[in-house]
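Notes for the one structure printed next.
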Amino acid sequence: MRFGKKLKTTLKRDWQLYLFMLLPLAYFIIFKFVPMGGLQLAFRNYTPKGGLWNSPWVGLKNILKFLESYQFERVVKNTFILSVYGLVLSTIIPIGFALIYNTIEKPRFKKITQTIVTLPHFISVVVLVGIMMQLFNNRIGIYGIMYEKFFGEFPADIFGNPKAFRHLYVWSSVWQNFGWNAIIYIATLSGVDAGLHEAAQLDGASRLQRVWHIDLPYLTPTIIIMTIMGIGNIMSVGFEKAFLMQNNLNLEYSELISTYVYSVGLSGTYKSDFSYATAIDLFNAVLNLVLIFTANKIASRVSDTSLW
Amino acid sequence: MQRAKTIKKKHSREGLGDRVFNAVAITIVLILTVIVILPLMNVVAASFSSSDAVNAGKVLLLPIEFTLDNYRTVLKYNSVWIGYRNTIFYTAAGTVISVLLSLFCAYPLATKRFSGRKFFNKLFLLTMIFNGGMIPTYIVVRDLKLLNSVWSVLLPTAISFYNVIIMRNYIETTIPDELEESARVDGCSPARYFVSFVVPLAKPIIAVIAMYYAVAQWNDYFNAFLYLTNKNLYPLQLFLREILISSKFSASDLDPDAIKAIQGLADTLKYVIIVVSTLPLMCIYPFVQKYFVKGVMIGSVKG
């Protein structure tokens, strides 16, 4: 009874707040939660008539089909290696850059260089891959020209080399984003107490020692948070860039979970199989969830820092 | 004055090791900056070079046989114009929709006495770590009859909860609770308070988030790629994909003169298209850089 009354007064006072929430809530329900519920299609056999909610149940058939398929090992492995490779580099390089950048005491130099290194972040994936294809063109790109100058012959087409895929993928991301990713570390470092540095200096600590013993520990909580978030995204490594870089020659390394979902479900390469593709989606989403919870647990055990 | 003195004192204290360290630090930052800028210079240089020079592999950092012909050809390419028109529309409309929805979401979540606050926060946070995947989302969009409409580009990723968190944090930390309380005591309704206090006071963060959404929309090809087949609705990025990645120049889009010119010219045109499609953002960025940086810092406060 008292609860009902309280609810009534709250509603009377705050109904407008709920009204504000209405559209965003509708958005999240329609475009996020309904698709989440739609993942149960993984256990059905999709028919056009039955759609997302009424197709006949087939149990674990689709999941098992994926687990047993020869693609399973390949796409999971490719996705995992690519993201871990990317996560490691896209954490270490920005941190290193931020630490070094932070020691410089020339405001103008810092401002100009920071603007330049953050610039590529705003290039779209399509253009990035386009630029890469031009630069690494084995005849007219810088790569081809320089190779020819040094070795006297044109190199082989690097995009046809499956082994090159991962390196091209990860290093182009590093090139594009290290400056942007460093911003947060640089901003954090500006909060280091200047008194600490002065005291350490009086005690005869060198610049390098101060970076190592004062700056780096100060960054640790930020590094942990960024890493957990990165681990949470390990299996969701982008469809967008990998798909653009894919060609028939490099599929062995470039077929990821997300691109495989697309090619099974929507591309028309295979006979479109929505249920099977959804089963792979589900597998991926669950794996992601497990990873982020594990990472968070480990982080909170060893360091007091965690996402929630 | 005094500060200048202490800085000077600091320098005199620096030993040889530290001076070497400083020199190395500057060199490293300089090298990285050069690595970032060289590919961009190469692209720009090639776009102004004759196609003969480009195809002969002569162009490195400066234009060879400077010409504007490549730009003239590309400007006659209809797809680029259609793409530009559509992208400008998607960016403008998408940014307005996204910013409004995000604000509507952030304001109640930042109001301490709002009773559903914790629940909604958790609920929406879930969308950041778990999602329905490509196929279910596609089926939902299809069942809503949104395929091949502008809404399929604008709606499915309209709200990023990450951006909502940034807004919420900003509102929570910069607008004091007392203001809301006293406004309420004076008979100001939540809607009125939103319009006359929250929006004006949150202007800086609204600008930041608007820019985030605008850049994302400008650069996105995923939604359009999945949901659109009608070329008249294609955003620029999809046409760029055809031209840059699939190397498809469709002859029907060009007038006869251009078709003749295009033979053996494709690579040079790619450089031009990269420049033409990327230049607007690159030119604006240095002027708005500080707002982007601000956004990153506010966002780093824990969700």
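Filtered by the rule that a residue be assigned to a loop (DSSP other than H, G, I, E, B), more than 23 Å from A:I123 (Cα to Cα) and of a type in the set (A, V, I, L, M, F, W, C), the stretch A:135-185 gives A:F154, A:A156. One residue stands out in the stretch A:241-273 among those that are farther than 26 Å from A:Q134 by Cα and β-branched (V, I, T): the one that is farthest from the other protein chains (Cβ to nearest Cβ), namely A:T269.
Among the residues making up the stretch A:250-277, those that are in a helix (DSSP H, G or I), polar (S, T, N, Q) and under 16 Å from B:F225 (Cβ atoms) are A:S258, A:T259, A:S263.
Can you tell me which residue in the stretch B:38-49 is farthest from the other protein chains (Cβ to nearest Cβ), limited to those that are without any contact (Cβ under 8 Å) to a residue 40 or more places away in the chain and in contact with a Pro (Cβ under 9 Å, 6 or more places away or on another chain)?
Taking the stretch B:38-49 as the starting set, the residues that turn out to be without any contact (Cβ under 8 Å) to a residue 40 or more places away in the chain are B:38-42, B:45, B:48.
Subset that is in contact with a Pro (Cβ under 9 Å, 6 or more places away or on another chain): B:39-40, B:45, B:48.
Working: B:P39: 5, B:L40: 8, B:A45: 10, B:F48: 14 Å.
Among those that are without any contact (Cβ under 8 Å) to a residue 40 or more places away in the chain and in contact with a Pro (Cβ under 9 Å, 6 or more places away or on another chain), it is B:F48.
Look through B:I64, B:I35 and report the one residue that is in contact with a Lys or Arg (Cβ under 7 Å, 6 or more places away or on another chain), closer than 26 Å to A:N138 by Cβ and modelled with pLDDT of 85 or more.
Unique residue meeting the criteria: B:I64.
Checked against the criterion of being within 8 Å of chain A (Cβ to nearest Cβ), at pLDDT 90 or above and more than 21 Å from the chain's Cα centre (by Cα), the stretch B:143-157 contains one or more residues that satisfy it.
To keep it simple, each residue is scored yes or no on (1) modelled with pLDDT under 85; (2) within 21 Å of the chain's Cα centre (by Cα); (3) of a type outside the set (A, V, I, L, M, F, W, C).
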{"site": "B:K9", "(1), (2), (3)": "yes, no, yes"}
{"site": "B:V20", "(1), (2), (3)": "no, no, no"}
{"site": "B:A56", "(1), (2), (3)": "yes, no, no"}
{"site": "B:N70", "(1), (2), (3)": "no, no, yes"}
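For the structure I just gave you, tell me whether B:N121 is facing chain A (nearest Cβ under 8 Å) and of a type outside the set (A, V, I, L, M, F, W, C). Full working, then the answer.
Numbers: facing chain A (nearest Cβ under 8 Å): no; of a type outside the set (A, V, I, L, M, F, W, C): yes.
So B:N121 does not fit the description; no.
In the stretch A:259-281, of all residues being of a type outside the set (A, V, I, L, M, F, W, C) and within 17 Å of A:N78 (Cα to Cα), the one that is nearest to the chain's Cα centre (by Cα) corresponds to A:T259. Considering the stretch A:11-43, and only residues there that are at the interface with chain B (Cβ under 7 Å from one of its Cβ atoms) and among the charged types (D, E, K, R), the residue that is farthest from B:R192 (Cα to Cα) turns out to be A:K32.
Given the criterion closer than 22 Å to B:M134 by Cβ and part of a helix (DSSP H, G or I), identify the matching residue among A:L22, A:L64. Before you say what the answer is, go through the steps one by one.
On the way: A:L22 fails: closer than 22 Å to B:M134 by Cβ.
Just a single option satisfies the conditions, and that option is A:L64.
Given the condition assigned to a helix (DSSP H, G or I) and touching a residue at least 24 places away in the same chain (Cβ under 8 Å), answer yes or no: does some residue in the stretch B:111-123 qualify? No, because not a single residue in the stretch B:111-123 is assigned to a helix (DSSP H, G or I) and touching a residue at least 24 places away in the same chain (Cβ under 8 Å).
Going through (1) part of a helix (DSSP H, G or I); (2) within 12 Å of another protein chain (Cβ to nearest Cβ) one by one, A:Y46 falls short only on (1). Considering the stretch A:159-185, the residues that are β-branched (V, I, T) and in contact with a Leu (Cβ under 9 Å, 6 or more places away or on another chain) include one that is farthest from the other protein chains (Cβ to nearest Cβ), namely A:V170. Among the residues making up the stretch B:79-110, those that are without any contact (Cβ under 8 Å) to a residue 60 or more places away in the chain, more than 12 Å from every other protein chain (Cβ to nearest Cβ) and not basic (K, R) are B:W81, B:I88, B:A92, B:V96.
What about B:D177, is it charged (D, E, K, R) and within 24 Å of B:R113 (Cα to Cα)? First the steps, then the outcome.
On the way: charged (D, E, K, R): yes; within 24 Å of B:R113 (Cα to Cα): yes.
It is true that B:D177 is charged (D, E, K, R) and within 24 Å of B:R113 (Cα to Cα).
Against the definition (modelled with pLDDT of 85 or more, of a type in the set (V, I, T), under 23 Å from A:L119 (Cα atoms) and in a helix (DSSP H, G or I)), how does B:I82 come out, yes or no? Show your work before the answer.
Numbers: modelled with pLDDT of 85 or more: yes; of a type in the set (V, I, T): yes; under 23 Å from A:L119 (Cα atoms): no; in a helix (DSSP H, G or I): yes.
No, not satisfied.
Taking the criterion of being closer than 14 Å to B:L100 by Cα and within 11 Å of another protein chain (Cβ to nearest Cβ), the only residue of the stretch B:213-228 that qualifies is B:A214.
The values are calculated or read from the model by the stated rules, or taken from the named source; none is laboratory data. The structure displayed is predicted, hence computed values, not measured ones. Positions of Cβ are backbone-derived with ideal geometry, glycine not excepted, and every protein chain shown enters the neighbour counts.
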